[in-house]
Amino acid sequence: MGCGVTKTSEFNRKFDKDGNVIPAAITMKAAVLIQRWYRQYAARMEVRRRYTWNIFQSMEYADLQDQIKLYNFLGYLMDNFTPPSSERNLISHIFRENEVCRDAEWERYFSYTNIDVPDIYSGPRLTFPLDMDQAADLVEAFKKKQQLHSRYVLQLLLETWKLLKVLPNINRVSTCHSKEITICGDLHGQLEDLLLIFYKNGMPSLEKPYVFNGDYVDRGKDSIEILLILFAFLLVFPGDVYLNRGNHEDHIINLRYGFTKEVLNKYKLHGKRILKLLQKIFSWLPLVTVIDQRVLIVHGGISDTTNLALIARVDRHRYVSALRPPKKKTPSRTNVYADSERYDEMIICKNRRGSLTFPKPFGARESFQRRSLQDFSRAVARTLEEEFEVRRRQGEFSLSSFSKSHRILSSAVSSDSEPESSEFTDTSNEEWKQILDLLWSDPMSHDGCIPNEVRGGGCYWGPDVTEGFLNRHNLQLIIRSHECKQDGYEFCHNRKVLTLFSASNYYEVGSNRGAFVRLGPDLVPYFVQYQATSMTRGLSFPQNVKRTEHTALKVLREQLFVHKSDLLSAFQEIDKENTGLICLNEWASAIERVLHLDLPWRVLHPQLVSSTTDGRLDYHGWFRDLALKKPSSEHIEQTMLETLYRHRSTLETIFRIVDTDNSGLITFEDFRQTLKLLSAYLKMEISDEVINKLVISTDTNNDGSIDIDEFMEAFRLVDKSRLERGKSLLKLMQDNQETESPQPVYSTAPQTSQCPASQPADPPASNTTDSACSQTANPPALQTADSPGSLAEDCPASQTEDLCHISVVVPPQ
Amino acid sequence: MADKYNAETIITETQKRISNAFDVFDHESNKTVDVREIGTIIRSLGCFPSEADLHEIIAELEEEEPTGFVRYEKFLPTMTKILLERKFRPITEDLLLQAFEVLDQQKKGHLEPEELSKYLTQEGEPFTQEEMDEMLSAAVDPDKNVILYKDFVSMMTFDDTR
């Protein structure tokens, strides 16, 4: 009785003066309590969701940084030309312009007419010109996991190329006739999302125009299928399908992020030509789309110097890659060297002006200045010029090689006979910067415009820049993509900039929704969001959060594990008395020092550390608990393996660059050179002995060449806690090796990884895509998406716990 | 070693926790967070304030001219005090269960989704529809389409223990 409110009396009935119960007061108290409690719970879920997102993003940024570092390193090599450096020669080809031929010669190279399609091929057989039914059939075929025969791929791509060449840099679209226009953002090879969009919104048609805003490829596993679908609809409805170029429509980027690998794996015989043709197609994709002269659609964004009039005038196809200098329209045949000395000076002066990016401290490795993409390519061209200059003086080359190298150089050098355009004039530079800005920039919340050093190209632009730009060009909205958003879309800059992202579950199943937007004549956006896996629908919000968190943490644990040596040194430095214990604060700061991921380690620690005594962590035990098993080899020491594992993306990228004919195979010698390159990059010794051992253990083909995929396969870590699921055979192999006399694990790699039951999206053996008698001695290469940070997962065992991406189209609602 | 748990250490540890929680929401890395996230941050540090409590706190934390952002320098002392004074103590499992039982006036042992929704969106400090939907998605037993609150409470409180 009375006012003492102890816990147990909270819900004692309250009586009015007549002794009647007052129910309302009680229920209100109960409601408040439940609400208070649930909001607390939801807040903690939110934090977990938030830092999970942070983890994925920081891994993605770390990966981007890795890429930039690699290119910086390669640029450094190029700059420090030492004749004849075999490592340099390995890579310089990629930065040189290829043989400049006339279109007729290209058409011969890309000819498909002598490719036979075997009778047993059951996929679509296209006839040109394409019609709507064929486009729809193509979608159906891909839905059924079929693969289009390389003959038709080449044919379709050739037709696309022809069409793209007559399109302007700026697509202009109108919403007259009350047509609603549908706009989609990044798809990144995730076919399920495109299918879902078509399912919800209908396929492109005269009544249903679409704009696709770039980044169709890389990371996801069905990039080529997405391209083929989009191109097919483009051919059928050229007035109603608009494609913008994204920063991933770039063959050098594709080397790292999976598209090159995907094409080579799916099209073993003709992949190389397909890639070459795509290289051209990418450079011919339009740069931006404008709706009703009011709305700008561009993949990345803008800068304070973006000028649409200038954009309209550029020769966009000269900008093949963000990392290659613009190629010249017509090769010059006059004496190149007349002005060479003066030209050298000019270029050298330009480069001394400094990088577009701000140098940022990175660690011991970064002794050379960080460059922007633009600077790097400029530097490349300059040193080619020097190279030839040197050769000329040494009188080393013959006439034939002169003309060949001359043609190559003509892309990079100015000459008297072509007064209007010398390659690295300010105009060219300016144009290139404009394009980079369009494809690579990100919005920021502060005013101003600064170089985008995270991505290495484009800039960060602020609300004031948006205002200025919209006013100058009389526009009202910018729709862009390029950044993953939790809900599929997000406004900023006072709702004047819209980010649209159409790849759902981008980081992980349940990580984010995708979205597309419809614009009618009133230009008011109408959004549709979706998530392309039926599994997430059954899960509640907390379950979803936990599942995604699980993956993020797994990825993070892996990072910790592969940095063990560095972390151990850092811990031991702090723990001078060698007690084996370290307090939480120091643990957190040491980790940040080593990993540079800028994550809230103290908030994360309960997830990463199972137990502490007195607030201190037994770090040796902690490493043991991380529950990961490395591929082991007696012959190669653990630190070396750890290093190679840590840099496997870089290693793989270098491999693919070195693999000049895009065959997926490299010679021993090149393999050796690659590792030497890597050791130079890491400033770390990889001894010849180690290299030899790696070479020997990796030659599974016994034919003197190394299969890149197989080699990389060896670097998968096996998660001890998931032994039972799906990795059985590979794991058994590894286990067996450890118990019997040790053999490097590499040699047993994927030959025997038969995945049980359902493996989604594998090219079915019955559908011979290339040639009927293609070499089946090689095991089907695992098509794993190169998603940032995640381990390659094969063999899905579709249980709710499993984190594999399962391609299921959400059934009708 | 004996010094380890003196007041100073506790304060430092506390402030480190606060700083870390704050950082999770400091998107621009400029030591400010959106004022709308303050509730989440405070709760993530283990406190169970009501909405009314939060309004009070936010009023304290806002600038004279509200910018929509809260600066770390202001947040830290306020939050330290809250944690050290152990304000907004947790709600125990028992109490929570009792609350559900009160709402279950017919003593069925479960609640209908509509019932619970009615209480929680109309009484006390009402939920938004979004909050209600989220809670229901976790609380409703998919087979029976009711909220078996006893199980729900055990499950949720178990979840939290780490």
Given H placed on each backbone N at 1.01 Å, which residues far from A:Leu477 in sequence or on other chains put an amide H within less than 5 Å of it? A:Leu296
Other protein chain Cβ atoms within 10 Å, averaged over every residue that makes up B:23-35: 3
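Within a 10 angstrom radius of each residue's Cβ in A:609-615, how many Cβ atoms of other chains show up on average? Whole number is fine.
Working: counts 0, 1, 0, 0, 0, 3, 4.
Whole-number average of other-chain Cβ neighbours for A:609-615 is 1.
State the extension gain, in nm to one decimal, for the chain segment bounded by A:Asp487 and A:Ile574, taking 0.36 nm per residue of separation less the distance between their alpha-carbons.
On the way: separation 87, 0.36 × 87 = 31.32 nm, distance 4.26 nm.
Stretched fully, the A:Asp487-A:Ile574 segment lengthens by 27.1 nm.
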Only residues of segment B:76-99 count here: report those whose backbone N is under 18 Å from the spot 7 Å along Cα→Cβ of B:Lys150, or say none. B:93-99
Whole-Hz Karplus ³J(HN,Hα) for segment B:76-91, in order, using 6.51 cos²θ - 1.76 cosθ + 1.60 and θ = phi - 60°, x for Gly and Pro? 4, x, 4, 5, 4, 4, 4, 6, 5, 7, 6, 6, 6, 5, x, 9
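Classify segment A:547-626 from the C-alpha gyration tensor, please: rounded if a/c falls under 1.5, else prolate or oblate depending on whether a/b exceeds b/c.
On the way: a/c = 1.69, a/b = 1.45, b/c = 1.17.
Since a/c reaches 1.5 and a/b is larger than b/c, the shape of segment A:547-626 is classed as prolate.
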Would you mind getting me the FRET efficiency between A:His605 and A:Asp522? Use the beta-carbon distance for r and R0 = 45 Å, nearest 0.05. 0.30
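Counting only protein chains, not ligands or nucleic acids, how are B:Met156, A:Met132 ordered by accessible area (probe 1.4 Å), most first?
Final ranking, largest accessible area leading: A:Met132, B:Met156.
Classify segment A:139-182: rounded, prolate or oblate, from the alpha-carbon gyration tensor (a ≥ b ≥ c, eigenvalue square roots; a/c under 1.5 rounded; otherwise prolate if a/b is larger than b/c)?
oblate
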Residues whose modelled amide H sits under 5 Å from the amide H of A:Asp442, counting only those 5 or more places away in sequence or on another chain, are A:Cys459, A:Tyr460, A:Trp461
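In whole percent, what relative contact order does segment B:65-151 give with Cα contacts below 8 Å and a gap of six or more residues? Before the final figure, lay out each step's value.
Numbers: 44 pairs, mean separation 23.0, N = 87.
Reported as a whole number, the value is 26 percent.
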Give a quick list of GluC sites (Glu not before Pro) in segment A:153-193 that DSSP marks as loop, anything other than H, G, I, E or B, with at most 16 other Cβ atoms within 10 Å. A:Glu180
Using θ = phi - 60° and the Karplus form 6.51 cos²θ - 1.76 cosθ + 1.60, what ³J(HN,Hα) does each residue of segment B:15-29 get, whole Hz, x for Gly and Pro? 5, 4, 4, 5, 4, 5, 5, 4, 4, 4, 9, 8, 5, 8, 6
Sort out for me the Cα centre separation of segment A:667-686 from segment B:1-76, rounded to whole Å. 49 Å
Dipole size in debye (nearest 20) for segment B:23-162 around its Cα centre, Lys and Arg Cβ +1, Asp and Glu Cβ -1? 560 debye
Points 7 angstrom from Cα along the Cβ direction at A:Trp106 and B:Ala7: gap in nanometres? 7.8 nm
Can you give me the C-alpha center-to-center distance between segment A:272-313 and segment A:114-187, rounded to a whole angstrom? 20 Å
For labels at A:His563 and B:Arg71 in the simple 7 Å Cα→Cβ model, what's the distance in nm? 3.2 nm
Considering only protein heavy atoms, with the full assembly of protein chains and a 1.4 angstrom probe, order A:His563, B:His27 by accessible area, largest first. B:His27, A:His563
Once amide H atoms are built 1.01 Å from N in the peptide plane, which residues 5 or more positions from A:Asn247, or in another chain, come under 5 Å H to H? A:Asp215
Convert each backbone phi in segment B:52-60 into a coupling constant with the Karplus relation 6.51 cos²θ - 1.76 cosθ + 1.60 (shift: θ = phi - 60°), then list the ³J(HN,Hα) values in order as whole Hz, x for Gly and Pro. 4, 4, 5, 4, 4, 4, 4, 4, 5
Show that you can apply the helix-only estimate: for chain B, add -39,500 (n - 2.57) for every DSSP H stretch of four or more residues, divide by all residues, and state [θ] at 222 nm to the nearest 500. -18000 deg cm²/dmol
So if R0 is 56 Å, what FRET efficiency would A:Asp661 and A:Ala25 give, r being the distance between their Cβ atoms, rounded to the nearest 0.05? 0.10
In nm, spacing of pseudo-spin labels at B:Leu136 and A:Lys683 (7 Å Cα→C-beta vector): 6.1 nm
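The values are calculated or read from the model by the stated rules, or taken from the named source; none is laboratory data. Please read these numbers as outputs of a predicted model, since none were measured by experiment. Counting neighbours? That spans all protein chains shown, and the Cβs are built from the backbone with ideal geometry, glycine included. Heavy atoms of the whole protein, side chains included, go into the accessibility calculation; ligands, DNA and RNA do not. Shrake-Rupley method; radii C 1.70, N 1.55, O 1.52, S 1.80 Å.
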